[in-house]
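Q: Here it is, the structure, as structure tokens.
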Amino acid sequence: MYKPKLLQITNYQLLVVILLALAIALTTRAVSAQGPTPTDDEVNRVAKQLYCPVCESTPLDACPTEACRQWRDLIRTMLAEGRSEEEIKQYFVEHYGVRVLAEPPNRLATYLIPAIAILLGAVLLFRGFHIWMKPSATRAATEPEQTSAPDPYIARLEEELKKQK
Amino acid sequence: MTETSIPAPRRGVPLWAQIIVWVFLVGLLVIVALGLQRRQQGTVQPGQVIENFTLPLYSGYEVDGKSEIHFADLRGKVVVINVWASWCKPCEQEAADLQQAWAEYEPSGQVVFLGVDYVDTEPEARVYLKKFGITYPNGPDLATRITQYFRITGVPETYFVDQDGVLRYVKIGPFSSIDEIRAQIDPLLE
């Protein structure tokens, strides 16, 4: 079957164009998936988990200072690079110290040591108070018996008072 | 005569609970007191020997090809430690004077300037360094270890350390002129 030469070339070119278009489309898609600018909400979701040492007691998402604005920009850049929240937080800890975290790292010791220390202190104090209070309680219990015992001086004094009446 | 134990009447809050509350409150007060004491202490005081610290350097600011500088290696030289940040407007007032002073003292080899970049982002820091043409060694204060050691009260602050590693002068706030910087360095060189 005869096929015109012009048509064969056109088909070949068409195939090349389709392949090129596919390649471009795939490449463009890959790039756009990596680099969309993160929204303010996405940035603030990470920022509110951090505190800048310059502005104490103000979470990063609400802090109006220039230092905090720079930090938020850095978070935006890192999110655009595809870094995860944990990776970003880790970066901030490495660069600015663990105190930038709104919550301490999830270490058992962070919560256990203060609790154990408080309980231990309480137990020691409790035992101390218990020992300290025991003699006084015993004394209190024995005092009525002592007062009920007849004291000759008091008895004589009371007698003298009765006589005067 | 026999001792009779009378059981104590039960009250609202048990003793152990009261003790825990008091221990907690006292602990809290101790923490607050320590924090206040630390704040009132201010910066490290002149006369104190400065302990060794390591400053990682920004690329382009390496010293003898090394990417970090150890303070202990600078014994025998006057060290000027300037704490700054790119977001700090008062720092800009003194940046040019510090660079000019560095240009004056660097050839002697007896004075070293160190820029400690506090709570900053590297891109902004680089813009700042370029803007003021700063060439002396500069790097970030990683995890704020250096500034915590010096107990800085803000930025800028500059510390002048003599050849024996003893802190001689602390400047809180920006220098008003290059003469103010010279006035601290020159006596240490005599």
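The values are calculated or read from the model by the stated rules, or taken from the named source; none is laboratory data. As the structure is a prediction and not an experimental result, all values here were calculated from the model. All Cβ positions, even for glycine, are placed from backbone atoms using ideal geometry, and neighbour counts span all protein chains on display. Accessible surface areas use protein heavy atoms only, side chains included; no ligands, DNA or RNA. Shrake-Rupley method; radii C 1.70, N 1.55, O 1.52, S 1.80 Å.
Q: Find the sum over both chains of the accessible area lost when A and B are paired, probe 1.4 Å, and report it in Å² to the nearest 100.
A: 2200 Å²
Q: As a test of understanding, state the convex hull volume per residue of chain B from its alpha carbons, in Å³.
A: Normalising the Cα hull of chain B by residue number yields 203 Å³.
Q: Same structure again: Measure nothing but the geometry: give the 0 to 90° angle between the long axis through the Cα atoms of B:122-131 and the longest principal axis through the Cα atoms of chain B, rounded to 10°.
A: Tilt relative to chain B: about 40 degrees.
Q: Okay, moving on. For the pairs B:K77/B:K130; B:K89/B:K130; A:K89/B:K89; B:K77/B:K171, note any where the Cα-Cα span goes beyond 21 Å.
A: Distance filter (> 21 Å) returns B:K77/B:K130; A:K89/B:K89.
Q: Separate question: Helix B:15-41 sits at what angle to the longest principal axis of chain B, using alpha carbons and giving 0 to 90 degrees rounded to 10?
A: 20 degrees
Q: Which of the aspartates and glutamates could a cross-linker span from B:K66 if the Cα-Cα distance has to be under 15 Å and same-chain partners fewer than 8 positions apart are dropped?
A: The reachable aspartates and glutamates, counting only those whose Cα sits under 15 Å from B:K66, number zero.
Q: Hey, quick one: spin label on B:E122, modelled 7 Å out along Cα-Cβ, who in the stretch B:80-97 has an amide N within reach, i.e. under 15 Å?
A: none
Q: What number, in percent, do you get for the relative contact order of chain B if the mean sequence gap of Cα pairs under 8 Å and at least 6 apart is divided by its residue count?
A: With pairs under 8 Å counted, the relative contact order is 28 percent.
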